[in-house]
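Just below is one structure, and these are the notes that go with it.
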Amino acid sequence: MKLLPLTPDGQTPIRVLTIAGTDSGGGAGIQADSRTMAMCGVHACVAVAAVTVQNSVGVSGFHEIPPQIVADQVRSVVGDIGVGAAKTGMLASTAIIEAVAEVCGEVGIGRGQAVPLVVDPVCASMHGDPLLHAEALDAVRHTLIPIASLVTPNLDEVRLITGIDVVDDASARRAAEALHGLGAQWSLVKGGHLRTSTSSTDLLFDGDVFHEFTSPRIDTGNDHGGGDTLAAAIACALANGYPMPDAVAFGKEWVTRCLAASYDLGAGHGPVSPLWRLH
């Protein structure tokens, strides 16, 4: 794959902002975003929206950051440092989603703005533990997704958001259309959880044209943080000036390599790993 360029020593790299929750086990969330951004040659800025208590087995609790503090982090970073792209992950509550949407509009992040926004609408962990209050789903649908340059739900999140159970190509296309209909500029329906073949196909839709991205399916149970890693890699490519289809193609290749490099950690699911670039 063609990698994103690394910035020469002493020069300021491209900056990308992640607005998300932490993972105390280091496998997903802001930790996964920051690892991918570093390995893509990007300086990661962060706005912490929630602090989770989790390990490789599951999430046992989380604490929400006050919405104004979340918004102030975004405002502070963008006003001083500037960013070329941004992504969201775990936002936890309606109040945080509303605060993030408001500040993104204020500082020029999101659909139709100067800075593209990748929305990973995190609703639950891979273990099924809730990471979003149930009543906040309407805010995801009607406040967060409409400001997305790209929305990247997994299949469980697709079902929660749209009511569509993706089981084949036809239902994946309906889901992509439904997500676009909620206001996203581009929608991406990921096929990683649709284990019906030896390949994995993601479907990108802009309201007119479908783009398909297929990779070999990596046989591993160590896939913690895969969705975060994909969205972060896409944001890095967008910040480097890639058009959306090319950015998604890069992200797809990146997360496939990260899955192939995944490792055991703890008693549960280990993380995908961008550390392969070091080798």
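Just a few scattered comments:
- 31 Å tail of the calculated P(r), the chain, as % of Cα pairs: 17 percent
- Summed side-chain charge close to R277 - residues other than R277 whose Cβ falls under 14 Å, Lys, Arg +1, Asp, Glu -1: +2
- Fraction of alpha-carbon pairs over 19 Å apart in segment 133-279 - percent: 53 percent
- A P(r) calculated from all alpha carbon pairs of segment 1-78, with 10 Å bins opening at zero, reads 19, 39, 30, 12, 0 percent.
- Packing-based order for 27-40, 222-235, using average beta carbon neighbours within 10 Å, highest first: 222-235, 27-40
- Alpha-carbon centroid distance for the pair segment 222-279 / segment 128-187, whole angstrom: 21 Å
- Computed from the alpha carbon positions, the gyration tensor of segment 53-131 leads to an equivalent ellipsoid with semi-axes of 26, 13, 11 Å, biggest first.
Computed from the coordinates by the stated procedures, all read-outs in this text should not be read as laboratory data. Keep in mind that this is a model prediction, so the values were computed, not measured. Methodologically, a virtual Cβ is constructed for each residue, glycine included, from the backbone with ideal geometry; neighbour enumeration extends over all protein chains shown.
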